[in-house]
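What follows is a set of notes on a single structure, which appears directly below.
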Amino acid sequence: MQNALVRDNLKNQSTHKEKTEVLIRWVAPPVNWVLLNTDGASRGNPGEAGGGGILQDSQGCFLRAFTENHGICTVTRSEILALLRGIVMARDVGIRKLIIKLDSEVVVRLMEGETIHHSPAFYSVQTCRDLLRSSGWEVKLEHCYRESNIAADWLANHGCEQEERLCMFDSPPPELGSIILEDVKGVAWPRVVCS
């Protein structure tokens, strides 16, 4: 027993990573690109869920956003549904160069081809993959920390609470406008990460 404890302790020491605090902020896309930030939320897992997404140009200007009530589901399913709605929104407004950022590493891995079996999200995942790979546009998918995804987080939480199934915004609600302004000004938030 003592040998097992020593082995576990040595293993933990060898895998222990130093942690450091970094500042995270929203970053605008390059010129001629549009950024789509999406997020899903669930009040319980599963629980009342919602999603949101926002399109912004290289100056940080608001282009379009949505909130969506997902009913009762898991946070991962909500993240997938928000991503799907965001991709469709970007296609509908004619975006040709799109960077997508979301704070779910699980969903990023699913979009990159990680296998998904016997899941109610299978169809949504496959639809997202097909849209991402379709011709007519260039798309980059990236994971981001939640501190750089605050606008989409606000939209997703709003989606959990709204009675309407889907709300599309051609101009930002006042609360969202202040978040966008902070993002554009470069307000950064601390986060502890492994170094």
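Each value in this text was obtained by applying a stated rule to the coordinates, not by laboratory testing. All figures in this text were calculated on a predicted structure; none of them were measured in a lab. Note that each Cβ is placed from the backbone with ideal geometry, even for glycine, and that neighbours are counted across all protein chains shown.
Here HIS117, HIS70, HIS143 are placed in order of increasing Cβ neighbour count within 10 Å, fewest first, which gives HIS117, HIS143, HIS70. Label-to-label distance for HIS118 and VAL27 is 4.1 nm, based on points extended 7 Å past Cα in the beta-carbon direction. Sparse packing (at most 14 other Cβ atoms within 10 Å of the Cβ) combined with a DSSP loop state is found for the following GluC sites (Glu not before Pro) in segment 27-124: GLU112, GLU114.
Counting every other Cβ atom within 10 Å of each residue's Cβ, CYS167, CYS128 order from fewest to most as CYS167, CYS128. Put in order of Cβ neighbour count within 10 Å, fewest first, the listed residues THR127, THR67, THR74, THR115 become THR115, THR127, THR74, THR67.
Extension gain ARG146-GLU105, at 0.36 nm per residue separation less the Cα-Cα distance, in nm?
Extra length available between ARG146 and GLU105 comes to 13.7 nm.
Average 1/r across all pairs of distinct alpha carbons in the chain, invert it, and you get the Kirkwood radius: 17.8 Å. The packing ranking, built from the mean of other Cβ atoms within 10 Å per residue, places the peptides 33-41, 146-154 in the order 33-41, 146-154, highest first. Helix 122-133 and the longest principal axis of the Cα set of the chain meet at an angle near 70°.
Extension gain for the segment ASP130 to GLU164, taken as residue separation times 0.36 nm less the Cα-Cα distance, is 9.5 nm to one decimal. The Cβ shell under 14 Å around HIS143 holds other residues with a net charge of -3, Lys and Arg each +1, Asp and Glu each -1. What do you get for the angle between helix 2-15 and the principal long axis of the chain? Use alpha-carbon atoms, 0 to 90 degrees, nearest ten. Once rounded, the angle reads 40 degrees.
Inter-label distance, GLU138 to SER195: 3.6 nm, where each label sits 7 Å from its Cα along the C-beta direction.
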